[in-house]
């Protein structure tokens, strides 16, 4: 039996010697590689924080002490050593272990994270709550250098430094490189500054200097100024010091002994501390070390070779987006593209290579990306901003104020719309229809297939107004993609199938499921009209009202939360027109959605053929119940 199987709780780690700890780190890396190669997940980030995680749990007493992981995708080791090893093989599977911190899983997950740059804000909150209640525990936020590009991190640093409360921020730097001489000098200076004897010696020297008659105070002041200037030249963390933090580092994030020593010292110091550690993403697995971007978040792969397992399939919607934007930009020099630290994930990698001077990666700064795009548009350029649906939520105010209020011709490419699968509730794109359709002046589209996505992007740049196009994280339908652009008339839906017994209205790839459901219903003698909405705003009111009046039964299907969604828009239209005799059944998500494959989640929430057929059965049952009630009232003379 290996050492890992013997770790039931963090306290078990403290009984290990250094050699055993090294062996444990190897076992953990192997377990991560084995499980992620099967289930998919965030491989490189977790391989890079093995020693850091073990050191944290040996020095701090979780769950009493609070460990807050920014983004949270690097918590696999944390989960293993906090009693969840037996569940680790279910990582990211339906009803399995979450790939992110989850409070319902364990008291060791003190805060749920999934979006970047939130950990320091949470740490300040925990620290202030501790101070307010007179408790005594440590608070540590672990944040990556990528997440430190997010503005929220700096808002929290500013507050923490100003408040002066005791907390630790660990900057896990796996990208930046600092020259060895600066690093060595910084380590030496910080060893002095973290030694508790240093503060006493410093106070003693100051007292001695000040005691010298007439010149003592001047000498002390001059020495302080000189020290400050030297530190500005030599210590890389002086910017953090100016914010009110004591800066320590940089330190080797894979040196267990050193990490524990500096964590122990940092734990004893008062006030806000920033500890800078340097780690290597993918450490211990050569394919991930060579290509950490590819193995950051990865699907199943061959464990021995690192070869990604790809089954023959049509291109993804993201790939079609990336190629289409390149094609449009080749013909229009005013097209520029913006991403928030996701050039590969959003499909803009090819654009960045083909048009480097027209490509902007602004870091994890969605709010800035959108306002930046608005100014570009007002200045005559044609920006497309590619952001995942779940992250676009962060830029709501900028979309409303800076894009839509001004009418700027910004195209929002809303990737990962709808359920995204195994990353779970922090990453599902279930809210974009609801928060976008409420904003005036914004056109909102959703394509039923990859060819329609290409035509919608072509259309978006010709509308000369704010436009959002939402599309899922999945492969396309396998249809032929027309190279020539075709403009889709504004606000015009598409009748894909005629029928008078039932009308199904949908937008996005679920339209294709609706067509299959219509065929199933035909076997039951139900003639079903299927409308591909295409434009969620503005709605094709004329077509919807005509078929609602004809069939008197409507089913709306959307890969979005029901509150404020597309089905709600249809209900509002019917109410405004006084069509109170139309029975409507809405299919979508009533609440937050857990992890699972996209097909599993669609099945669970009725966005499947059987779910749609079942919705029709409910409509029929409701109609029968109404007729019985009405008949009873007539018989008794009510």
Checklist entry - Over its Cα atoms, what ratio of radius of gyration to 2.2 N^0.38 Å does segment 317-470 give? => result 0.93
Checklist outcome for this item: Restricting to Cα pairs under 8 Å and 6 or more apart, the percent relative contact order of the chain works out to 11 percent
Checklist entry - Among 384, 593, what is the fewest-to-most ranking by other Cβ atoms within 10 Å? => result 593, 384
Checklist outcome for this item: Taking every DSSP bridge whose two residues both lie in the chain, the antiparallel percent to the nearest 5 is 15 percent
Checklist entry - If each of residue 313 and residue 17 carries a label point 7 Å out from its Cα toward its Cβ, how far apart are those two points in nm? => result 5.0 nm
Next on the checklist: Using only the alpha-carbon atoms, how far is helix 50-59 inclined from the longest principal axis of the chain? Give it as 0 to 90 degrees, nearest 10.
Outcome noted: 60 degrees
Item to check | Sites residue 625 and residue 492, calculated FRET efficiency, Cβ-Cβ separation with R0 45 Å, nearest 0.05 | outcome: 0.80
Next on the checklist: I'd like the orientation of helix 196-210 relative to the chain: the angle between its Cα long axis and the longest Cα principal axis, in ° from 0 to 90, rounded to 10.
Outcome noted: 60 degrees
Checklist entry - Hey, fewest Cβ within 10 Å first, where do 305, 23 land in order? => result 305, 23
Checklist entry - Which length gain, in nm to one decimal place, applies between residue 381 and residue 293 when the Cα-Cα distance is subtracted from 0.36 nm times their residue separation? => result 28.7 nm
Item to check | Nearest 10 degrees, 0 to 90: helix 510-522 Cα axis against the chain principal axis | outcome: 30 degrees
Next on the checklist: Suppose each label sits 7 Å from its Cα in the direction of the beta carbon; what would the residue 131-residue 258 distance come out to in nanometres?
Outcome noted: 3.2 nm
Next on the checklist: Step by step: find N for segment 416-528, compute 2.2 N^0.38 Å, then divide the Cα radius of gyration by it. What's the final number?
Outcome noted: 1.18
Item to check | Extension gain from residue 94 to residue 464, taking 0.36 nm per residue of separation minus the Cα-Cα distance | outcome: 128.9 nm
Checklist entry - Full extension from residue 577 to residue 302: what is 0.36 nm times the residue separation minus their Cα-Cα distance, to one decimal in nm? => result 93.2 nm
Next on the checklist: Please give the Cα centre distance for segment 393-433 versus segment 599-614, rounded to the nearest Å.
Outcome noted: 25 Å
Item to check | Taking segment 494-629 and dividing mean pair separation by its residue count, relative contact order in percent (alpha carbons under 8 Å, at least six apart) | outcome: 26 percent
Next on the checklist: Relative to 2.2 N^0.38 Å, what does the C-alpha radius of gyration of segment 494-629 come to as a ratio? Two decimals please.
Outcome noted: 0.99
Item to check | Spatial extent of the chain: Rg and Dmax, with the Cα atoms as the point set, Å | outcome: 28.8, 111
Checklist outcome for this item: Output row, site residue 162, 7 Å Cα→C-beta label point, backbone N cut-off 20 Å, window segment 269-288, residues 271-274
Item to check | Förster-model FRET efficiency, 25 Å R0, residue 331 and residue 479, C-beta, rounded to 0.05 | outcome: 0.60
Checklist entry - Regarding segment 473-524, what are the three Cα extents along the principal axes, ordered largest first, in Å? => result 40, 26, 18
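All of the numbers you see were taken from the coordinates with simple rules; none came from a lab. What you see is a predicted model; the values in this text were computed from it and never measured. Using ideal geometry, Cβ is built from the backbone for each residue, glycine included, and neighbour counts are taken over all protein chains shown.
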